[in-house]
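Chemist: One structure is given below, represented as structure tokens, and several questions about it will come after.
The values are calculated or read from the model by the stated rules, or taken from the named source; none is laboratory data. Note that the structure is predicted; figures quoted are calculated from it, not measured. A quick note on method: Cβ atoms are made from the backbone with ideal geometry, for glycine too, and the neighbour counts reach across all protein chains shown. Note: accessible area is taken over every heavy atom of the protein model, side chains too, but ligands, DNA and RNA are not part of it. Shrake-Rupley method; radii C 1.70, N 1.55, O 1.52, S 1.80 Å.
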Amino acid sequence: MADTKSYGWAGKILRVNLTTGSITTEPTAPYEDYIGGMGLANKIIYDEVAPGTDPLSEDAKIVYAVGPLTATGVPLAGRTTVCFLSTFTTDYQVVDAHCGGMLGAKIKMAGYDAIIVEGKSDKPVYLHIKNDKVEIKDGSMVWGLGTRATTEVLNRLEGVSACVATIGPAGENLLPYACMMNSRNHSAGAGLGTVMGSKKLKALVVEGSGTVNVKDPQALADLSDYMLREIIGSNNNHVVPSTQQEWAEYYDKGTRWTARKGLYWADAEGDPIETGEPKPGEINTVGYRCMKTTKDEGPEAEKYTIKMNGCHSCPIHCYSDMRVPNSKANGGYEITGNTCVPNFPFSVYMVKILGEHTSVKASTEDGLIWDQVVGGTVDDLGLWCNYAQLYRDIAHCVSAGIFEKNLPADEYNMFDWKKFENNDPTIMVELLTHIAKNDNEMSYLGHGPIVWCKRWNDMEWFDTTASCLINYRGWPVHHAIESYGQVGGLLNMIFNRDPMIHSHQNMLQCGLPHELKQEIAAELWGGEDALDQTKNYTPVNDHKINFCWWSIVTDVLHDSLTLCNWVWPMAQSPSKDRNYRGDLDLEAKFFKAVTGKDVTTDDLYKAAAKIITLQRANTARGMKDANGNMGCNDFRKIHDVMTEWPFTKDPDKQPFTEGTDKMEKQDFQKGLTMLYEKFGWDSELGCPTADCLEYYGMSDVEEDLKNLNLLP
Ligand code: SF4
């Protein structure tokens, strides 16, 4: 008998219309060329949401998608990609938000590759999914609650094995900077919370008791064992420890392989647990390698550390779990902690800009308290920070007197601004809660810098080194020029938000000596000159463009499969026996083991290049030209435009000299041309061409762009 099972993919997509209440399913198969996750979700948005749609209108849709590897047992395959129209950038173009936690695995185990939410409810609801049973339920009892309380109420109501993914007050109030939270501290941003709020959709509550069919379970188990023994490092695939250890040839104090003798999860249940010296090859100690609490917050965090936490099927666990009574005492939460920006929002992003307005220092007890109060508060409000832009903007508005100048006197006087100087973090709880209300002047900060800088006549701030805004369409740096110069700079232009790419950054900070990384670069991207030393850059070259292209396609691939790009791809390894070489074919090997489809790494990279090309095509349809007319394919002049400060910073230094990452304009334009050509896009405009759309197998998109006169 023919084997009709679907391997990897669940095989069906759930569609929920909140206007009509209709709940249907449809097959995933038509979308499998787009893999899943980001690819699948982008294709649905491309097909079903007309360019120029208001992101908060009834016609706007949200697609929550997982991929063929999600919840199969492949390491770090627990993420979800959500696709919708942005609420905070120019022209409200298609964006992806990503989250870890438990949501992706629950969606998959409930039997779905994606959930399409369309229409609008006229009253608060939540979507309850329990395998085949799907219901739109009254959500009025949780409307108005923060994400923590909502999660508790809905878990009590529907059972603790369900994953609650919810918005907070920011989303309900339609603040453009709003996110969705699941598993306490895993957020999906870019305005997802706002779009859910506009649909009166408070939460998804997802429970799944099914399994995912795997074509070759033994091959998957063997690959997983091989990956954990030989290939994987720590968080960000850092492959050498941060302290000198007997077993290690190298160490680098900047890495996230922070475990060492004498470092404890000091507040673990029962007795403290020592992280010790987990060595390569020991698969049962991989989870101790990254102690993110002390990495992010300094040595004071050790005494508060309960454990390291993380997403479904992740052996690394980069999320901090801490018990910090003084966070609660100052308006935050006692059980707290995160990873990345929400783990250090105040000490890293605000202290320097606040200057004399604060005495708090990073890596101190005070810094930790402020950070955890702020991090816990934004997560509970469902407030998104635009990769720390909100924090930089608040600090600037305090220190430069922008609030004092622009807020109505009554509003300004609501706050005791001396609290910043008096080391009282409750001021941040008050400000963030006020912003999330979206009914006052200060709330415009949560509409993004395009809105508030114009409104408060502070465009000067928009384009400064301190603001960190890298693109005029409204997003800040995310491992940009400081991460391999042109490589990071170019990839910060390509999406419709900050790029969320870690492939290049993982190489930068993996801890191996630069010369060894250059050897790897020569093997992977054609030449050692793909990698420059930090702040000592050379002009753009083919190998840098190969590296940049690879960074983009691996990120898109991971967001489609879905794998965590904060550890994948496996370009390097901690194994001296392998001479620190990783294995870039692992995605294809896992893909084959799970789905039975015999693909090569090149096949997967081509599929990922197709997906980002689709997003560029969709962007061209909705992008306005310089005269405000919708439909524009001149990405070079309209979209991929870097702010000025990267070209003017360090006024005493010239580009390509030691001590600066200053960019050079002609070189940057040349880099854009080379990157466009690498993708097959038009070398002048940066838009998809008929030839490349044919090459990627997108004749439908080619036809659309032709009809819209958007093909070069
Ligand atoms: S490394 Fe961190 S973000 Fe990535 S899957 Fe693991 S816990 Fe989640």
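Chemist: In the chain, with Lys and Arg counted as +1 and Asp and Glu as -1 at Cβ, which of these residues, SER187, PRO124, CYS83, has the Cα nearest the positive end of the dipole, that is, farthest along it?
Modeler: Highest projection toward the positive end goes to PRO124.
Chemist: Of ASP371, ASP463, which has the most accessible area with a 1.4 Å probe, and how do the rest follow in descending order?
Modeler: Descending accessible area places them as ASP463, ASP371.
Chemist: Next question. Quick one: net charge around GLN572, please, counting Lys, Arg +1 and Asp, Glu -1 for every other residue with C-beta under 13 Å from its C-beta.
Modeler: My count for the surroundings of GLN572 gives -1.
Chemist: In addition: Explain nothing, just the number: dipole magnitude of segment 352-419 about its Cα centre with +1 on each Lys and Arg Cβ and -1 on each Asp and Glu Cβ, in debye rounded to the nearest 20.
Modeler: Here segment 352-419 has a charge dipole of around 260 debye.
Chemist: For segment 325-471, give the magnitude of the charge dipole about the Cα centre (Cβ charges: +1 Lys/Arg, -1 Asp/Glu; no others), in debye to the nearest 20.
Modeler: On the way: 10 positive and 20 negative charges, 54 e Å.
With Lys and Arg at +1 and Asp and Glu at -1, about 260 debye.
Chemist: Of LYS303/LYS418; LYS292/LYS328; LYS43/LYS606; LYS5/LYS592, which sit over 19 Å apart, Cα to Cα?
Modeler: LYS303/LYS418; LYS292/LYS328
Chemist: About the Cα centre of the chain, what is the dipole size in debye to 20, counting +1 per Lys and Arg Cβ and -1 per Asp and Glu Cβ, all else neutral?
Modeler: Magnitude of the dipole: close to 1000 debye.
Chemist: Which order do you get for LYS253, LYS199 if you rank them by accessible area with a 1.4 Å probe, largest at the top? Before the final figure, lay out each step's value.
Modeler: On the way: LYS253 175, LYS199 0 Å².
Ranked list, largest accessible area first: LYS253, LYS199.
Chemist: Sort LYS637, LYS592 from largest to smallest accessible area, using a 1.4 Å probe on the heavy atoms of the protein chains.
Modeler: LYS637, LYS592
Chemist: A further question follows. Kindly rank 428-437, 307-316 from highest to lowest mean number of other beta carbons found within 10 Å of each residue.
Modeler: 307-316, 428-437
Chemist: Moving to a separate point now. Just check segment 12-207 against the gyration tensor rule for me: Cα atoms, a ≥ b ≥ c as the square roots of the eigenvalues, rounded for a/c under 1.5, and otherwise prolate or oblate depending on whether a/b exceeds b/c. Please report the intermediate quantities before stating the final value.
Modeler: Numbers: a/c = 1.35, a/b = 1.04, b/c = 1.30.
Rounded, because the longest to shortest axis ratio a/c is under 1.5.
Chemist: Considering only protein heavy atoms, what is the solvent-accessible area of CYS692 at a probe of 1.4 Å, reported in Å² to the nearest 10?
Modeler: 10
Chemist: Once you place label points 7 Å from the Cα toward the Cβ at THR4 and ILE335, how far apart are they in nm?
Modeler: Going by the 7 Å Cα→Cβ label model, 4.6 nm.
Chemist: Which Cα, out of ILE283, GLY197, PHE668, lies furthest along the positive dipole direction of the chain (beta carbon charges, K/R +1, D/E -1)?
Modeler: GLY197
Chemist: Turning to a different aspect of this structure: Just name one of TRP370, THR613, ALA626: the one whose Cα is farthest towards the positive end of the charge dipole of the chain (beta-carbon charges, Lys/Arg +1, Asp/Glu -1).
Modeler: TRP370
Chemist: Indicate the gyration tensor shape class of the chain (rounded, prolate or oblate), computed on the Cα atoms with a ≥ b ≥ c the square roots of the eigenvalues: a/c under 1.5 is rounded; otherwise a/b larger than b/c is prolate and the rest oblate.
Modeler: Rounded is the answer for the chain, as its axis ratio a/c remains below 1.5.
Chemist: Could you tell me the center-to-center distance, by alpha carbons, between segment 78-104 and segment 182-235 in angstrom?
Modeler: 14
Chemist: Rounded, prolate or oblate: which fits segment 475-707 when a ≥ b ≥ c are the square roots of the eigenvalues of the alpha-carbon gyration tensor, with rounded for a/c under 1.5 and prolate only if a/b beats b/c?
Modeler: Cα axes put segment 475-707 in the oblate bin.
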